[in-house]
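The values are calculated or read from the model by the stated rules, or taken from the named source; none is laboratory data. Every value quoted in this text rests on a predicted model; they were computed, and no experiment measured them. Note that we place each Cβ from the backbone using ideal geometry, even for glycine, and neighbour counts take in every protein chain shown.
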């Protein structure tokens, strides 16, 4: 009896393939809630993303006319594209259900809150964006976060050193 054919990861609905992350977002904002959403792309954008070309550094999302749009996300032109190539920093529509839009817009409408894309990835062959509601950190909050992370690293080093001494 032969083994059943194994599906490729491209069609596995749980397989995630990260394209890029916005690491600065976790430093500059306190993340309150996250949500996965789809994104409307054109063909050359998808090909460029499959080559791992994208940048979320200056990206943010905004609600307009009961829809959410992604601004500042740079997807460079596809290297093998022709004159019909896409514009790298165009505004892209995010795909969410109506109740998710209402819930997220309600949270993000407060003063100091914003919608930030945390990462861009493929799931089951489709491109997704992890969108978060974040509250901007003050300078002293950032310093406190760095101190806490440094103390945690020192404690982990000390524990690891103790384990090495015992063995």
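Here are the numbers for this structure:
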read-out	value
Residue in the range 41-50 that is at pLDDT 85 or above and part of a strand (DSSP E or B) present	no
Any hit, the range 70-83, residues being assigned by TED's automatic domain parsing to the domain that holds residue 20 and more than 20 Å from residue 51 (Cα to Cα)	yes
Residue ID - nearest to residue 52 (Cα to Cα), chosen from residues in the range 128-152 that are touching a helix residue (DSSP H, G or I) at 6+ places or on another chain (Cβ under 8 Å) and buried (at least 20 other Cβ atoms within 10 Å of the Cβ)	131
Count - residues of the range 81-106 that are part of a helix (DSSP H, G or I) and exposed (fewer than 10 other Cβ atoms within 10 Å of the Cβ)	2
Which listed residue is within 20 Å of residue 19 (Cα to Cα), assigned by TED's automatic domain parsing to the domain that holds residue 17, touching a residue at least 40 places away in the same chain (Cβ under 8 Å) and out of contact with any helix residue (DSSP H, G or I) (no Cβ under 6 Å at 6 or more places or on another chain), from 89, 47, 107, 93	93
